[in-house]
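Right, one structure below, let's go through it.
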Amino acid sequence: MISEEDFIYQSYTKQLQTYQKQCSDLLSQVETSLEQMRQLSGDYTTVSTKTNSLHDACEALLADQTKLSQQAELIENKLSYFLQLDKITKRLDSPTFSVTSEAFIPLLARLDECIQYMVTNPTYKDAAAYLARLRHCQWRALGMIRSYVTASLEQAAAAAAGHGAAAAAAPPTAEPGMALVYGKFRTNAARVKTLMEELEDRVDAQPEYQQLLADCHACYFRHRHQLVSPAVQAGIRQLAERHKRDHCALFRSGCAFLVHLCEDEYQLFFQFFTKPSPQINESLEGLCANLYDLLRPLIIHINHLETLAELCSILSVEMLEEHVSNNPVQLEAFGTTVRQLLQDVQERLVYRSHIYIRSDILNFRPSPGDLAYPEKLAMMQSIAESLQRQDSRGSVSSQLSHTSAGSEANGLPRSRTGNSPADLHGMWYPTVRRTLVCLSKLFRCTERSVFQGLSQEALAMCVQSLQNAAHSIAERKSLRDAQLFEIKHLLILREQIAPFHVDFSVREISLDLSKIKTAAMGLVQKRSQLFALNSSNALLEFLLEGTPAVQEHTRDSKREVDLQLKRVCEAFIRSTQSLLQQPVDSLILRAVLESAPDQPLPPAETVAAAVTESQRLIKTHLPEIHSSLQLYLANPETEFILFKPVKVGLLQRFQRLQDILLERYSDDDRMIVMCPSQEQLSVLLASCLKQPAPAAAATPVPAPGAASTAAPELPAVAHTAAS
């Protein structure tokens with residue numbers, strides 16, 4: 001019998017078995033679930049693999065689609081350049097299509113793009129054939145432009161031709177006729193300019209456009225030349241006929257006519273084109289050559305220096321400086337012609353100046369009136385004194401001012417060597433006046449180097465003519481008048497050339513052939529050694545020693561004027577001293593020669609007679625000398641500078657005589673001689689002069705061109721002549 005305790009165990013065992021069975025069932029279910037899960041996982045893996053494969057396949061298809069689309073678009077883009085040919089050809093074949101159509105400029109641009117594409121991609125299929133056909137289309141389009149421009153210019157030229165004939169018959173200054181001609185010609189300028197802008201923008205891209213633009217330029221200038229050239233020639237002929245006797249007016253009016261012509265032609269050109277062309281200057285130079293061809297024969301027949309100088313002023317100042325410099329672009333061709341004319345006028349001026357210097361200065365044949373010195377100066381001084389006595393100082397001043405102003409107009413300022421009426425250039429020697437007039441004109445009209453050479457020649461010839469005139473005056477009148485005449489005019493010449501502010505020195509190069517003669521004589525003497533094979537070969541010595549030497553000389557005309565002035569001043573001082581102190585000089589020379597103890601001295605009576613004679617000569621001639629200085633120089637300071645060496649020489653000579661008397665004569669002899677002291681001689685000299693000498697010891701040099709009446713500085717002759 002099962003006990004209660006066993007029952008509990010059995011119940012517990014059954015319960016455990018029940019739990020075991022449940023666990024087994026649960027485990028079986030779990031195994032089943034796991035198996036199902038493994039099957040589900042395999043199915044998921046299979047599905048996922050297939051899905052990824054499908055996605056990749058879709059992406060590949062999408063990429064292929066995109067690539068094909070791009071290729072299709074690229075092919076379509078490239079093919080468009082080929083397809084444009086038919087469209088362009090069809091447009092060009094259209095009878096209603098013309099240059100004035102709005103679609104013409106875009107068609108021209110599309111043509112350029114297609115041609116450039118074909119040139120860039122020559123390897124494409126049929127690219128060469130399409131390029132040839134596109135160029136043919138371009139040639140047709142450019143031909144349409146050429147035909148339109150040519151027709152427009154011909155129409156404009158025809159419209160302006162009738163008015164051009166009327167304008168040619170009218171005076172050159174008739175502005176309405178010429179304005180109408182220009183207005184008719186520019187009728188179609190706006191449309192032509194639009195086409196020319198397109199051509200000018202494409203000139204650097206393709207040579208066809210450059211050739212077409214050149215053809216348009218040539219056509220334009222051809223029609224302009226046919227239209228304007230007859231009018232210009234007729235206008236210039238009218239000006240030549242109108243100003244037949246006035247070269248300056250002809251030059252001025254002819255150049256003014258060309259200035260307006262060049263400016264109008266330039267403005268008209270830029271109404272058809274936007275960029276300049278070298279052909280415009282060539283065309284304008286051809287028109288300006290008409291004036292040059294007319295004026296050139298006139299220039300080579302002009303002989304007057306005044307006319308040539310005025311022409312130089314017109315061309316250089318009025319035309320080049322006032323017109324060409326202010327408008328250099330439009331007046332470039334006119335400036336070229338004016339410079340050619342200016343060079344011709346300057347060349348003619350230099351040539352005529354050479355002839356003028358030789359004929360009218362060096363070979364000048366003075367009339368008796370030209371050499372009437374000092375009569376001319378004395379006459380002018382007497383006229384001035386008589387006018388002053390009539391108390392008409394104001395009228396004299398106005399008369400002198402008028403004469404000076406007239407001289408200024410001739411290019412010669414009034415000399416400042418004095419304030420006398422005799423100092424006006426009407427009283428100057430003709431060669432001096434001509435030289436200064438010639439130099440003043442050459443200075444304004446020629447280059448500095450040319451002026452220096454001509455001034456050297458002119459001054460040298462002028463000084464030579466003054467020397468010749470001085471010799472004639474010395475033969476006719478006196479040596480003193482000749483010397484003062486030369487001093488006066490050399491001072492004027494020296495003063496008047498100072499304002500030029502140029503170097504009057506000229507460098508000359510010459511060959512010294514003196515060695516050739518010596519070498520030739522040596523060659524003749526050594527004929528036996530002509531073929532000696534040593535250093536004594538005569539032929540070799542001749543070649544080495546007989547080479548001409550190049551020598552360089554510098555000639556300074558201003559310095560030559562100073563040297564000549566110094567020589568004349570010294571000669572005047574010596575001759576004046578000799579005249580006044582000749583008896584004293586003879587005594588001094590005799591005393592020096594008889595200075596030996598055994599030689600007898602001149603008696604006191606003889607010395608006294610010589611001193612008395614010297615004082616008589618001083619009283620007699622010194623007032624005359626002083627009057628001559630006043631008459632010729634008309635400047636107290638200049639007179640004092642020139643007279644001072646004479647006074648110093650007299651004082652020195654009498655001082656030397658005093659020393660000889662003190663050394664070798666007794667007191668009684670000195671009482672007999674009565675030689676004046678330095679103070680007494682100074683009082684005697686001062687009493688013989690009409691005016692007291694200035695207290696100044698020296699005279700400053702006036703600045704060139706300064707408004708001063710100070711005397712010009714004389715060469716340093718005082719010490720040389722006095723000693």
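Which distance in nm do the two modelled labels at residue 476 and residue 343 give, with both placed 7 Å along the Cα-to-Cβ direction?
My value for the distance between the label points is 4.7 nm.
Of 626, 323, 471, how do they rank once you tally other Cβ atoms within 10 Å and put the fewest first?
Taking fewest neighbouring Cβ atoms as first place, the list is 471, 626, 323.
Could you list 569, 23 in order of exposure, starting from the residue whose Cβ has the fewest other Cβ atoms within 10 Å?
23, 569
Given a Förster radius of 60 Å and the C-beta distance between residue 100 and residue 559 as r, what FRET efficiency does 1/(1 + (r/R0)^6) yield to the nearest 0.05?
With a Förster radius of 60 Å, E is 0.15.
For a distance above 24 Å, tell me the whole-number percent of Cα pairs in segment 243-363 that qualify.
Numbers: 2348 of 7260 pairs.
Of all Cα-Cα distances in segment 243-363, 32 percent exceed 24 Å.
List the equivalent ellipsoid semi-axes of segment 94-225 in whole Å, largest first, each obtained as the square root of 5λ for an eigenvalue λ of the Cα gyration tensor. Write down the numbers at each step before the final one.
Numbers: eigenvalues 304, 36, 23 Å².
So the three semi-axes of segment 94-225 are 39, 13, 11 Å.
In the neighborhood of residue 340, defined by Cβ-to-Cβ distances under 12 Å, what is the net charge if each Lys or Arg adds +1 and each Asp or Glu adds -1?
Taking every Cβ under 12 Å from that of residue 340, the sum is -2.
Cβ under 13 Å from residue 311's Cβ, residue 311 left aside: what net charge do those residues give with Lys, Arg +1 and Asp, Glu -1?
Combined, the nearby Lys, Arg, Asp and Glu give 0.
No lab work stands behind these numbers, since they all come straight from the coordinates. Note that the coordinates shown come from a computational prediction; the quantities given were computed from them, not determined experimentally. Note: ideal-geometry Cβ built from the backbone for every residue, glycine included; neighbour counts use all protein chains shown.
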